[in-house]
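Read through the structure below, which is laid out as structure tokens, and then see the notes.
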Amino acid sequence: MEIKKLHSFDVHIQEAREIQRRLRDMIVLKSPRAEFTLVAGADVSFPGSIRGRGTNRARAGVVVLDAETLETVEESVTEVECRFPYVPGFLIFREGPAVLEAFQKLKHAPDLVVFDAQGIAHPRGLGLASHLGLFLDLPSIGCAKSRLVGESAEPGPNRGDSSTLYFEGRDVGRVLRTKPGVKPVFVSPGHRMDQETAARVVLGLVTRFRLPEPTRRAHRLVTTGKT
DNA sequence: GCGACAG
DNA sequence: ATCTTGTCGC
């Protein structure tokens, strides 16, 4: 798919923080009426690195699947050198470039993207999922495996049970139990998305594992080679 | 100063 | 994120 601008993430934390504060006001927390036909999942791995150190090559992968059948429609993998270190709250500047390149190589344009990161549940309201949703101009959802910010109660024990994630007095996401007896995931709207739709869609993309299929497959794609 | 901290 | 052995449970 085509990405209009070539956005640069080659900045320093000082301006990175300003960029996030400026872009957060552009996020739309309203989901489109039409249903999602093609859903993409994206993730990044760092092959060969040791405890986050060592080689600094980022391997990004995007998997597009049919929202109904969950069949894989297309895959895209790419590797780039990253210049930004991992700093909580600034993940986009480390993984963003690689993910965007993987999207550029895509032939199918998805209707929705699920990221293995936070959406608006972020210190400045602009997690990687929101940031990339904005740059790709696509509805997006953040589905992280752990918490970045906010407080929440422990969700119920059954699949589909959830609790609200609050940050600075606002509802920024859902702590969703996708599987009984397993740690819940942190779902938050990215861009052109609302809380209810985000949680409902993620749950609908979950099969027998903890993570929804788009993200789970993207993770497998960039770590092991398989689909 | 002391924790917390997406991946 | 990445490394890695063992263990528990279905």
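The values are calculated or read from the model by the stated rules, or taken from the named source; none is laboratory data. Here the structure is a predicted model, which means the values were calculated and not measured. Please note: Cβ atoms are built from the backbone with ideal geometry, for glycine as well, and neighbour counts cover all protein chains shown. All accessible areas refer to the heavy atoms of the entire protein, side chains included, with ligands and DNA or RNA removed. Shrake-Rupley method; radii C 1.70, N 1.55, O 1.52, S 1.80 Å.
Tabulated results
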{"item": "Region A:87-154, accessible surface, carbon-and-sulfur percent (1.4 angstrom probe)", "result": "50 percent"}
{"item": "By accessible area with a 1.4 Å probe, ligands and nucleic acids excluded, highest first: order of A:Y166, A:Y86", "result": "A:Y86, A:Y166"}
{"item": "Farthest positive-ward along chain A dipole, Cα basis, beta-carbon charges - from A:N56, A:L106, A:L134", "result": "A:N56"}
{"item": "Amide proton proximity set for A:Q118, modelled H, under 5 Å, gap of 5+", "result": "A:L128, A:A129"}
{"item": "Within a Gaussian network of chain A (alpha carbon springs, distance under 10 Å), most fluctuating of A:R21, A:R174, A:R217", "result": "A:R21"}
{"item": "Chain A, relative contact order in percent, only Cα pairs under 8 angstrom and at least six apart counted", "result": "22 percent"}
{"item": "Student exercise, chain A dipole from Lys, Arg, Asp, Glu Cβ charges, in Debye to nearest 20", "result": "600 debye"}
{"item": "Debye intensity ratio I(q)/I(0), log10, chain A, q values 0.10 Å⁻¹ (C-alpha model)", "result": "-0.40"}
{"item": "Label-point gap, in nm, between A:E74 and A:R159 - each point 7 angstrom along Cα→Cβ", "result": "3.0 nm"}
{"item": "Rounded accessible area per residue of region A:38-223, 1.4 Å, Å²", "result": "40 Å²"}
{"item": "Count of Lys pairs (Cα-Cα under 30 Å; at least 8 positions apart or interchain) in region A:38-223", "result": "4"}
